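Structure first, commentary second.
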Amino acid sequence: MTHDHDLVLRPTAAQTEAALNPPPGRSGGDLVVETLAALGATTVFGLPGQHALGMFDALRRSDLRYIGLRVENNAGFAADAYGRITGEAAPLLLSTGPGALTSLAALQEAAAASAPVLAISSQIPSAGLGGGRHGYLHELPDQSASFRGVVKSVHTVRAQSQIPSAIEAAWKSALTAPHGPVWVEIPQDVLLSPTLIPVVTGGDAFPEELPPRPELTAVAADLLSNAARPAIIAGGGVVRADASRKLRQLAETLQAPVVTTPGGKGAFPWTHPLSLQSWIEDRHTTDFLEDADVLLVVGSGLGELSSNYHTFKPRGRVVQIEADLGKLESNHPALGIHADARLALQALLETVSPREDAEAAERVRTVLAKVSDRLAAQELTLEQELLASVRRALPADSPSFWDMTILAYWAWSAFDARGPNRMHSAQGAGGLGYGFPAALGAAVADPTRPVLAVSGDGGALYSIAELATARQYDLNVTWLIVDDGGYGILREYMTDAFGQATATELSRPDYVALAESFGVPGVRTTPEHLADDLSKALGAPGPSVVVLPAVLRMFAPTHL
């Protein structure tokens, strides 16, 4: 009997000849870039450094496109966005020690948002490994230990023959649900040494699938089919799994209202009769979800934001579909189904019975009206008009990337993404500096659409260096900087908590003049002219900056 795993593909005569006589002048770095190309990579991000030069020298002998940013953390954000937009593992090439460590905040965001980033770092020479304190430049006692608690998996290489398999394993890990960042490190001498290993021409790029257990989906389908008041929370896992259409089919079959988390923006149509939109930080929405007798949570761990700061206390049965095993039932008891959202939703579609509920859409309208009335009582017209202006100016199919700034906090709840995988923010890990470099990565992934980045002036100062990157590669990104003279949200938090703010005020540059010094067009706008100025900037090819001086307020929290 012959089994599939007994079959071995025999090389052709040409492949055998090429393997026996590899081209001269190759090094361990060539094995890195050849493996990436064999797995399907076309673009790499990064920043060169002394120990990584073997990889970067090999790039010139490959067809891979290199996008170099000015700060490793920003390169990580760009790779993160490239992975989110394409669904592919985004290679991030880094040097050792400080260069590697500078990427940690970006990798934490990629981990929190399940973005597939394949970070490949150099290491000090092999003779210095093992924590012996030999005094090599950039030396750390155990570099990989700094990443082990952040990334999904760590892959260590100590010989050239290990390179293809280690990178292939890391690639699969990054793309197996839940997606996430992975770490490969290779010593300097392994990258630089000449190699006679044949050119890497193939690799298994297919990640493992994560199907649901059928006995669990059978129970979930029965609960949902017989529910009196079902509801659905859709998280980022729906977007990552490209499962938005299946979610809509299931919601319509069950007549179940749907609310999306900030990470799940666009997973369900904003204006659908069953759409509770994204007002998950609202007590009216929280009350509605608590009243559901069966609540289906798809692709969310019901963390701080998604549970209205842990004030959500479900009274009915919870069914939780989650690809990250550690998030199953981590916050609420549930029928936990460890699975990719797309495969689990498909299994439910095949087994649920349709429900009739003539009042479901009316209940949704009632909740949204209560939310609207609550906001209307707070005199927040400026903030709502600014979001509306951004929405008018941004083409419907263009992605947007939002830094940690007050307008983004509004957007989590109030912005219509107009589709899945179009609105992204740093709400996973919550670090500053994400918006602009992430938008650059998205523009590399798809240069056919303009991309919007939104930052406050505090977050913008993390990313100014990347104006040079935007200009060098002529990337089609418009950067909206809302300038309120400080860390606006922290100013508001501290004033509310302590009566006054400390360490929140910033001296800042003339952002328009600064952009123009990089050769990037800039314009200062007003709330009244924002839509027009933003539309013009987005319509012009190449990078641009729009600066809006404005002090914004957050809507009142409902969790206190």
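Structure data summary
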quantity	calculated
Local electrostatic count, Gln108, Cβ distance below 13 Å [Lys/Arg +1, Asp/Glu -1]	0
Subset of Lys265/Lys327; Lys152/Lys265; Lys172/Lys313; Lys172/Lys265; Lys152/Lys536 violating a 30 Å alpha-carbon distance limit	Lys172/Lys313; Lys152/Lys536
Rg/Rg_globular for the chain, with Rg_globular taken as 2.2 N^0.38 Å and Rg from C-alpha atoms	1.02
Accessible area in square angstrom per residue, segment 428-492, 1.4 angstrom probe	24
Cα-based shape type of segment 323-383, given that a ≥ b ≥ c are square roots of the gyration tensor eigenvalues and the cut on a/c is 1.5	oblate
Segment 414-512: C-alpha gyration tensor shape, a/c 1.5 cut-off, then a/b vs b/c	oblate
Carbon plus sulfur fraction of accessible area for the chain, probe 1.4 Å, in percent	53
Net charge over other residues, Cβ less than 15 angstrom from the Cβ of Pro262 (K, R count +1; D, E count -1)	-2
Neighbourhood charge, 14 Å Cβ-Cβ cut-off, centred on Val184 and excluding it, Lys, Arg +1 and Asp, Glu -1	+2
Relative contact order (%) - segment 380-470, alpha-carbon pairs under 8 angstrom, separation at least six	34
Point-to-point label distance, Thr366-Ser330, nm (Cα→Cβ direction, 7 Å offset)	3.5
Calculated FRET efficiency for the pair Asp397/Ala218, C-beta based, R₀ 45 Å, to 0.05	0.70
Residue-normalised accessible area of segment 99-256, expressed per residue, 1.4 Å probe, Å²	41
Area accessible to solvent at His134, 1.4 Å probe radius, in Å²	110
In Å², nearest 10: area of Leu506 left accessible to a 1.4 Å probe	40
Added length on full extension, which subtracts the Cα-Cα distance from 0.36 nm per residue, Arg70 to Asp291	74.5 nm
Segment 443-560: antiparallel DSSP beta bridges as a percent of all, rounded to 5	5
Simple label model, 7 Å out from Cα along Cβ direction - His272 to Asn21, nm	6.0
Whole-number percent relative contact order across segment 458-560, with pairs defined as alpha carbons under 8 Å at least 6 apart	37
Cα gyration tensor category, rounded, prolate or oblate, for segment 160-253 with a/c compared to 1.5	prolate
Ala376-Glu208 pseudo-label distance in nm [points 7 Å out on the Cα-to-Cβ vector]	5.4
Antiparallel DSSP beta bridges within the chain, percent to nearest 5	5
Gain on full stretching of the segment that runs from Ile197 to Asn226 - 0.36 nm per residue minus C-alpha separation	4.3 nm
Length-normalised contact order for the chain - Cα pairs under 8 Å, 6+ apart - percent	13
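The values are calculated or read from the model by the stated rules, or taken from the named source; none is laboratory data. Since the structure is predicted, the reported quantities are computational estimates derived from the model, not experimental observations. Ideal geometry is used to build each Cβ from the backbone, glycine not excepted, and the neighbour counts take in all protein chains shown. Keep in mind that these areas ignore ligands, DNA and RNA; they rest on the heavy atoms of the full protein, side chains included. Shrake-Rupley method; radii C 1.70, N 1.55, O 1.52, S 1.80 Å.
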